[in-house]
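Participant: Right, I'll just put the structure down here and ask away after.
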Amino acid sequence: MGYKSLARPHGLSTASETLALFTGLVTSNSRRLPVCSQCRYSSTRGPGRPQPKTKLGETVYPTDEWHNVPPAIASSIGRQLHIQKDHPISITRSIIESKFPKPTYQHHNGFVPVVTTGQNFDSLGFPPDHPGRSKADTYYVNASTVLRTHTSAHQLDAFRANSSEGFLISADVYRRDAIDRTHYPIFHQMEGARVWDRKKVPHGNIAQAVWEDIAKLPTHSMIVEDPNPPTHPERNPLQHGHSHDEAEALAAHLKRSLELMVVEIFSRAKDAAIATNPKYVDEPLKVRWIEAFFPFTSPSWELEIFWQGDWLEVLGSGVVKQDIFEKAGVPSQVGWAFGIGLERIAMLLFEIPDIRLFWSQDERFLGQFKGMSDDLHRLKRYVPFSKYPACYKDVAFWLRSSSSSAGGGIRANAADFHENDVMEIVRDVGGDVVEDVTKVDEFTHPKTGRKSLCYRINYRSLERTLTNEEANEFHEKVSRELVNKLGVELR
Ligand code: DAH
């Protein structure tokens, strides 16, 4: 959904976006403009018909023509991997929590995933035309209710509750997205924040209070590249009402706190690697701060880690926009916030190669982490069990030309076609048996102007060998559903 990129001021670097595909903080379609196609799950309503409803978790919600939550997603709500004992997502959460201790930071792990569009977008200053709001990217329960797409949806409420100087919120988040080894429509994020109150710090001197708190934090010896000044008039502006000294102090506290978290994660990753392979040789840990843009922070940064030869984006962060504190009824507070994708960190920490594994109930997976929640010193890397053969199948089709008349059902003409609709059909049919889906061909017929697309689907179970007949059955069903739901013509 790319909560930053389309809102990014022109001319800024987007170099980190490719790597960012992995974090779940930014997704592959971040720069595409939204196209809201008609809803595939819409119900025809007429006078006198009862209002349609859907049950999510324990609660019943009214639905409308915006509803696009498929049954497979609805039934996964409540798995809460981030609080399952000995689950790698939960272990990762505990490691991070250990660096943000109580009582300064309160830890929240049970917020319900159904939120209002107000919480998910408006409270954070997302403009009305932001692509993240599109039905192609977000699961809507109804026009004003969504499955949260990020943990930032709870920021304003947590500031309003004002029950501690800091908080961590870990939760499942939901996004319609591509299918590959690093993307899954449900993943987990952790949101963190730390605040100071102008009315409570001595002489109202925020900068001094923050520097005093920085002095209490440990130091570290990790290599940090941070070439830019804390604020920049165009690229990373100081907020109205903040002094330069305040922003500088907040930035320094944010950066040190998050660097200490990274040091913790990676020293544990190293111990886990050594426990699994005593001959393991690691490279010195290196991170860099990159200027960024989010609608709800200014200045803002991303943190990247140099890992196995590449820079990987691991988190987004920044100085919280003052109007969020104002809307929360705590205008005298200032502070910083961050958001991090837990799957990505867990994949690095344990060397887990495929995001679907987190959802596996297979003892060969889960059994490897037994006892680690109670003793974080016992971390070991994941040892893959045998990889089953891949089975690739292609499906090629024509989209309807934009001028063709719609004859009922759901259209996918060239103008309103969205790749995530293909992804969702494949997921609905194949579930976790699909490892990835890639577009392998695209062209427009020179005479008719019709557009043709070809997708390659890799059917591979994590748990057993699929027979060719089974893969064929899945594939035929996918092809039929593409015709039925998107109105494409198979080639
Ligand atoms: N919510 C953002 C996302 O999902 C991540 C994020 C960025 C959270 C900056 C923050 C922040 O709290 O300050 O892409």
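The values are calculated or read from the model by the stated rules, or taken from the named source; none is laboratory data. A quick note: this is a predicted structure, and the numbers were derived from the prediction, not measured. Because the Cβ atoms are built from the backbone with ideal geometry, glycine has one as well, and the counts that use them run over all protein chains shown. Only protein heavy atoms, including side chains, enter the accessible area calculation; ligands, DNA and RNA are left aside. Shrake-Rupley method; radii C 1.70, N 1.55, O 1.52, S 1.80 Å.
Participant: Among the residues of region 169-201, which ones are within 30 Å of His242 (Cβ to Cβ) and within 12 Å of the ligand (Cβ to nearest atom)?
Facilitator: Ile169, Ala171, Val173, Gln189, Met190, Glu191, Gly192, Ala193, Arg194 - these are the residues of region 169-201 that are within 30 Å of His242 (Cβ to Cβ) and within 12 Å of the ligand (Cβ to nearest atom).
Participant: Which of the residues belonging to region 211-239 are in a strand (DSSP E or B) and among the aliphatic types (A, V, I, L, M)?
Facilitator: Once the filter is applied, which keeps residues that are in a strand (DSSP E or B) and among the aliphatic types (A, V, I, L, M), region 211-239 yields Ile223, Val224.
Participant: Could you please find all residues in region 55-79 being at pLDDT 95 or above, over 13 Å from Tyr139 (Cα atoms) and surrounded by 12 or more Cβ atoms within 10 Å (Cβ to Cβ)?
Facilitator: Passing the criteria: Tyr61, Pro62.
Participant: How many residues does region 310-332 hold that are open to solvent by 10 Å² or more (accessible area, probe 1.4 Å) and among the polar types (S, T, N, Q)?
Facilitator: Final tally of qualifying residues: 2.
Participant: Within region 278-378, which helices (runs of 4 or more DSSP H) (wholly inside it) include 2 or more residues that are within 16 Å of the ligand (Cβ to nearest atom)?
Facilitator: Those helices (runs of 4 or more DSSP H) span 322-327, 342-350.
Participant: Hey, another quick one. Residues that are within 18 Å of the chain's Cα centre (by Cα): which strands (runs of 3 or more DSSP E) entirely in region 70-178 hold 2 or more of them?
Facilitator: 114-116, 145-147, 166-174
Participant: If you go through region 298-341 one residue at a time, how many are touching a residue at least 24 places away in the same chain (Cβ under 8 Å) and within 22 Å of Val224 (Cα to Cα)?
Facilitator: Number satisfying all stated conditions: 25.
Participant: Counting only residues that are touching a helix residue (DSSP H, G or I) at 6+ places or on another chain (Cβ under 9 Å), in a loop (DSSP other than H, G, I, E, B) and open to solvent by 30 Å² or more (accessible area, probe 1.4 Å), how many does region 412-435 have?
Facilitator: Residues that pass the stated criteria total 1.
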